[in-house]
1. From the protein chains alone at 1.4 Å, what is the descending order of accessible area for Arg427, Arg301, Arg319, Arg60, largest first?
2. Taking square-rooted eigenvalues a ≥ b ≥ c of the alpha carbon gyration tensor, is the chain rounded, prolate or oblate, where a/c under 1.5 means rounded and, failing that, a/b exceeding b/c means prolate?
3. Say we join alpha carbon atoms closer than 10 Å with springs in a Gaussian network model of the chain; which of Gly162, Gly337, Gly220 then has the biggest fluctuation?
4. When the chain is treated as a GNM, springs tying every alpha-carbon pair under 10 Å, which of His59, His345, His110 comes out with the largest mean-square fluctuation?
5. Most mobile of Lys128, Lys274, Lys392 per a Gaussian network model of the chain (Cα springs, under 10 Å)?
6. Run the numbers on the chain and let me know its relative contact order in percent, using alpha-carbon pairs under 8 Å that are six or more apart.
7. How much of the accessible area of segment 323-432, in percent, comes from carbon and sulfur atoms when a 1.4 Å probe is used?
8. Rounded to whole Å, give me the distance from the Cα center of segment 85-133 to that of segment 244-317.
Amino acid sequence: MSDNQDLKHQNLLELYEKDPVEADRVFLGRVAHNDRRGFLKGAGLATLGGLLGASIPFHRNFPSGLVPVALAEEDILAGKDGLTLLNDRPVNAETPPHLLDDAITPTKRHFIRNNGLPPEEMNPTTWKLTIDGLVDNPMTLSIADLKSKFEVVTMALTIECGGNGRAFFNPPAKGNQWTYGAVACSEWTGVRLKDVLNAAGVKKEAIYTAHVGADTHLSGKEGKLSLSRGMPIEKAMTDDILIAFEQNGAPLHPNNGAPLRLVVPGWPGSCSQKWLTRIYLRDIVHDGPKMTGTAYRVPNRPVEPGEKIDKKDFEIIHRMPVKSLVTAPATGATVAGSEVEVRGHAWSGDRTVKQVDVSIDFGTTWVTADLDAPVNSGAWQNWRLKVKLPEKGYYEIWARATDSEGEMQPHAINWNPKGYLNNTMHRVAVRYS
Ligand SMILES: Nc1nc2c(c(=O)[nH]1)N[C@H]1C(S)=C(S)[C@@H](COP(=O)(O)O)O[C@H]1N2
Ligand SMILES: [Mo]
């Protein structure tokens, strides 16, 4: 890169550090909304070559208005570090397990799951949240109102996509092929949903919440929502659900729902509406996009892999099951010494994890790891164990969590047609040489 282009890149990174919302409007906004014209015109072929770090032998065939995918990917994941891009429209990116080693997930390592296109405006000073439906006092609040009218709390809360682990389904399930990394536990600052609903006055007919965000449908159709989910009112009134305006002590990342989102720990990530503009209470189970049909639903009985299941035999997923992740060592690592520290996290929606066991001999014997209590309700739990590899060779490190109700991670996938809730044990390959 020439000094000039280096400067451009530098500015992008700086802008991202200083003002991620503005940076995303400028860079991500363009990509997300397909307004790609002008890029080549402005930059010119030489500059483009410079940014790519290579000449473009077929530049004569390069359609105008096209962003080279190498640059588009970079822009899409601006402010993120080391994520694997699964899809760019909508943006879906997961984090390799060894990059999830921190007790609290830094924003740059928090996965992205978008169903539509992020809104163009994410201005925290003009943002409004409406609470209505079956409440006594419908209200519209700014972020400043939320901060001044309600207790502001900071909590580490786990978000896991309902489809995390889908890539391992056989027969395969359609949808994002998440492996392990559609899970994160950032520290969120906001107000309790419960407090806001109490202030609005929950009418006794209200049985379900309905969440609305400002993202747009992939079709671009005005007013068409990409996703609008909800939860039973009893769940909504629990203590650890936040309406959050800060992620790890800074404004939310644009792809994690800036400037305001719900965080519903322990339930499918889809409950945690991003770019939150409205919550309304209903006297029926919410029927917004991705609430009906077989979306975020699993069969209400054990099924055979590949079995065809009648729609009426599906039920809405509530809590996420017990699960753990090995974040060190990285899979494929070669270690020089016989002693290895194994580390990771474990969680179980609405419950705590009471034990994590580790095996280095393909599940024949297990050793109990040292497991921390959650820092607060809704946070994952960190664990660690020093293991001794008896001789040089190939090993697999397996981890298995058991929760407060005695539920343990399974060896085999509990198959379901849409590829949800894969909580099988995490296996990591290690060579000692
Ligand atoms: N408005 C809106 N909220 C949303 C989504 C979305 O597409 N639009 N995706 C949901 C899904 S399916 C998940 S798993 C989580 C992921 O949160 P993250 O992208 O911050 O990791 O956001 C949820 N909230
Ligand atoms: Mo999700």
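The values are calculated or read from the model by the stated rules, or taken from the named source; none is laboratory data. Computed from a predicted structure; not experimentally measured. When we count neighbours, we look across all protein chains shown, and the Cβ atoms used for this are built from the backbone with ideal geometry, even at glycine. Note: areas computed on protein heavy atoms with side chains; ligands, DNA, RNA excluded. Shrake-Rupley method; radii C 1.70, N 1.55, O 1.52, S 1.80 Å.
1. Arg60, Arg427, Arg301, Arg319
2. Oblate, since a/c reaches 1.5 and b/c is not below a/b.
3. In this elastic network of the chain, the residue with the biggest mean-square fluctuation among Gly162, Gly337, Gly220 is Gly337.
4. Top of the fluctuation ranking is His59.
5. Lys392
6. Values: 1019 pairs, mean separation 64.0, N = 433.
Relative contact order comes out at 15 percent.
7. Using a 1.4 Å probe with all protein chains present, segment 323-432 comes out at 49 percent carbon and sulfur.
8. With segment 85-133 and segment 244-317 each reduced to a Cα centre, they are spaced 14 Å.
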